[in-house]
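Below: one structure, written as structure tokens.
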Amino acid sequence: MISKLEQEALAFVKKKEGKKPSVAKNIKLHNRTLKVGYRDISIHVVKPDFITENIGSSDYGQFLPKQNRIDIQAQQHPLDEVNTILHELLHVIVNDIGETQKGGVLADDETEEKFIYNASNYLAQIFRDNTWLLDYLQAQFKR
Ligand SMILES: [Zn+2]
């Protein structure tokens, strides 16, 4: 849930960038398929659940490699949700390139998490602060 103050701040930033506030482009994550390497990964926006093996309340997301599934905690702030999907996407990549296996540079869980935490934070910031970049990339892919 975004507070009124946050909504005003986002609207101000969008206005400053010469764009309308982005309520119009409401693209949902739930039940999307993310194609990464050979995998078709299903994305599920879920509520934390301590009884089943769902994500816990302190987790923003999780990648379940054997199920080809990413769970994203529901009701996150949009910027946190973006960060979470980038974070879990990076988990998929480093898992599938084998760097989390024995001998890999990210074989240690803490090292993997630190790398992914920092990389996803930077990517989220770069995409947020350079909104032209995603439009540019999309346009180049359509050529
Ligand atoms: Zn992680």
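Coordinate-derived values only; no laboratory data. None of the values given here were measured: they were computed from a predicted structure. With ideal geometry, Cβ positions are generated from the backbone for all residues, glycine too; neighbour counts draw on all protein chains shown.
What the table shows:
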read-out	value
Rounded to 5, the percent of DSSP beta bridges in segment 24-141 classed as antiparallel	60 percent
Cα-projected label distance for Ala119 with Arg32, points at 7 Å along beta-carbon direction, nm	1.9 nm
Stokes-Einstein diffusion coefficient of segment 24-141, Kirkwood radius over Cα pairs, 20 °C, 1.002 mPa s, in µm²/s	140 µm²/s
Neighbourhood net charge (15 Å Cβ-Cβ; Lys/Arg +1, Asp/Glu -1) for Gly103	-3
Lys pairs, segment 24-141 - Cα-Cα below 26 angstrom, 8 or more residues apart or on other chains	13
Per DSSP, loop GluC sites (Glu not before Pro) in segment 41-137 with at most 12 further Cβ within 10 Å	Glu53
